[in-house]
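Input: a single structure, listed below in structure tokens.
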Amino acid sequence: MARMTTHPEPLADEFLVERLRQGDREAFDALYQRYFERVFRFVDRRMANRADAEEVVQEAFINLFSSIHTFRGDAPFGAWVFGVARRTLASRFKRKRHHTVPLGEDETENALGQGGDSPLEAYECVERLRRIRSAAEQDLTPEQRVLFELHHLEDRSIQEICRVVRRSEDSVKSHLYRARKLLLAR
């Protein structure tokens, strides 16, 4: 009769968390192995390059380890892990954030809080949009403002804009460059 080999059941997250709180390094390694791939995929989808994603994931696990005492067990441990990863990722974006304003129609919907952003993020986007519109009215010439609106707000191509305003491609590009430079300086 062939002998059946059974694999031991994986230890429950809560058990590993308790062991980790007591300083058990093997418990951390087990949790790290269990969640690393999922956290990495979550972060990698949101980062521009792999090196930054790897760095954020490592930072997330350091944050997880250093704040393990705050896990209350009200929700599954996996949800808490992703909360730590999400906050770590948000912190990274805040440190590297360049103030930008959404210019396309789809992006404007997100800026107005319809894309799942928090109320604070939606408010910040609306405020940035208000500031850039104000800057456009104050700092741009009427021609630059028209070109900026056609290209960035109406999403028209340079060639189409050239036909509409009857200017050369170089002239349109030059005016758009100067308009963006003025707006970004704000």
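The values are calculated or read from the model by the stated rules, or taken from the named source; none is laboratory data. Quick caveat: nothing in here was measured; it's all calculated off a predicted structure. Cβ coordinates were reconstructed from backbone atoms using ideal geometry, including for glycine residues, and neighbour counts include every protein chain displayed.
Can you find a residue in the stretch 55-63 that is small (Gly, Ala, Ser) and without any contact (Cβ under 8 Å) to a residue 24 or more places away in the chain?
Taking every residue of the stretch 55-63 in turn, none turns out to be small (Gly, Ala, Ser) and without any contact (Cβ under 8 Å) to a residue 24 or more places away in the chain.
Please work out which residue is nearest to the chain's Cα centre (by Cα), limiting yourself to the stretch 22-35 and to residues that are surrounded by 13 or more Cβ atoms within 10 Å (Cβ to Cβ) and part of a helix (DSSP H, G or I).
Checked the stretch 22-35; the qualifying residue nearest to the chain's Cα centre (by Cα) is Tyr35.
Picking from Glu149, Glu121, Glu137, Glu169, which residue would you name as being of a type in the set (D, E, K, R), out of contact with any Lys or Arg (no Cβ under 6 Å at 6 or more places or on another chain) and at pLDDT below 75?
Glu121
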